[in-house]
Amino acid sequence: MSDMILFAAFPYVAVVLAIWGGVHRYRHDRFSYSTLSSQLLENRTLFWGSVPWHYGIVIVLLAHLLGFLVPGMWARMTGTPSALYTIEIIGFAIGFAALVGLCVLFVRRATQERVRAVTSTVDWVLLAVLLLQVALGVYVSLVYRWGADWYVDTAVPWLVSLVSLNPQTQYVSSLPWVVKLHMLNGFLVIALFPFSRLVHLIMFPFWYLWRPYQLVIRNRAIVPTSTTH
């Protein structure tokens, strides 16, 4: 019964909440989509946190997405021991770099008064949930080895069953609780996403792609010269 609630009902609740929250915020508080950038407040620490975090998490998410969208190709990529070892080592290194970067950003936001002043309660909650999510991913990668292989046979079929509106919890019911927590926490991140500053990531101004070019004309101001009589 608990598996049905956690792995069949909760993912849908998280997605519906994310969609509703995003639409509601866009319609009623569109200007809050600003990133409230704090780069000028403390740039050096931001660099050492932002670079490993952003590059690391993007690569990790792309790897997860690739395994979900083309599981057959991903299974062939990890089909030999040498390829599996290589992917595991690289994945762990990138995930650990993302974790270190996120820790730096978390400490920076907690210790810099000016940065802390522009951080909302939801931002703090999402940062904590993200920190837990990445830490769990690194832990799973280190303790429960060869996740790049068994991910295709457990998490992917479960996610596909959710997308097809026919949840099949048996694919994940026998997994260790740490792995389950990592999966559920991912949907918690989705649920909190539209209520935090990170929502600006999905608000890329696509209309710029077809907007006509703006013609900028430099206009020199003409200062009248005074004449002496």
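The values are calculated or read from the model by the stated rules, or taken from the named source; none is laboratory data. As the structure is a computational prediction, the values presented were derived from the model and not from experiment. Note: ideal-geometry Cβ built from the backbone for every residue, glycine included; neighbour counts use all protein chains shown. Note: accessible area is taken over every heavy atom of the protein model, side chains too, but ligands, DNA and RNA are not part of it. Shrake-Rupley method; radii C 1.70, N 1.55, O 1.52, S 1.80 Å.
Can you tell me which of Phe31, Phe10, Phe47 is among the hydrophobic types (A, V, I, L, M, F, W, C) and either farther than 28 Å from Leu105 by Cβ or at pLDDT 90 or above (or both)? Even if it seems obvious, please write down each step before you answer.
Working: Phe31 fails: either farther than 28 Å from Leu105 by Cβ or at pLDDT 90 or above (or both); Phe47 fails: either farther than 28 Å from Leu105 by Cβ or at pLDDT 90 or above (or both).
Result of the check over Phe31, Phe10, Phe47: Phe10.
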- With (1) among the hydrophobic types (A, V, I, L, M, F, W, C); (2) open to solvent by 60 Å² or more (accessible area, probe 1.4 Å); (3) touching a helix residue (DSSP H, G or I) at 6+ places or on another chain (Cβ under 7 Å); (4) modelled with pLDDT under 90 as the list, and Val115 as the residue in question, which single condition is left unmet? (2)
- Query: Out of all the residues in the stretch 185-201, is one or more assigned to a helix (DSSP H, G or I) and over 30 Å from Arg27 (Cβ atoms)?
  - Reply: no
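For the stretch 156-175, state whether one or more residues are at positive phi and surrounded by 14 or more Cβ atoms within 10 Å (Cβ to Cβ).
no
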- For residues that are surrounded by fewer than 18 Cβ atoms within 10 Å (Cβ to Cβ) and in a loop (DSSP other than H, G, I, E, B), scanning just the stretch 139-151, find the one that is modelled with the lowest pLDDT. Arg145
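Look at Leu66 and say whether it is open to solvent by less than 30 Å² (accessible area, probe 1.4 Å), at negative phi and not basic (Lys, Arg). I'd like the intermediate steps shown before the answer.
Working: open to solvent by less than 30 Å² (accessible area, probe 1.4 Å): no; at negative phi: yes; not basic (Lys, Arg): yes.
When the stated conditions are applied, Leu66 does not pass them.
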- Filtered residues of the stretch 73-106 (kept if free of Cβ contacts under 8 Å to residues at least 12 places away in the same chain, open to solvent by 40 Å² or more (accessible area, probe 1.4 Å) and either assigned to a helix (DSSP H, G or I) or not small (Gly, Ala, Ser) (or both)): Met73, Arg76, Met77, Thr80, Pro81, Ser82, Tyr85, Thr86, Ile89, Ile90, Ala93
- Criterion: open to solvent by 40 Å² or more (accessible area, probe 1.4 Å) and at pLDDT below 55 - qualifying residue of Leu209, Leu188: Leu209
- Residues that are closer than 23 Å to Val70 by Cβ and not in a loop (DSSP other than H, G, I, E, B), drawn from the stretch 152-169: Ala155, Val156, Pro157, Trp158, Leu159, Val160, Ser161, Leu162, Val163
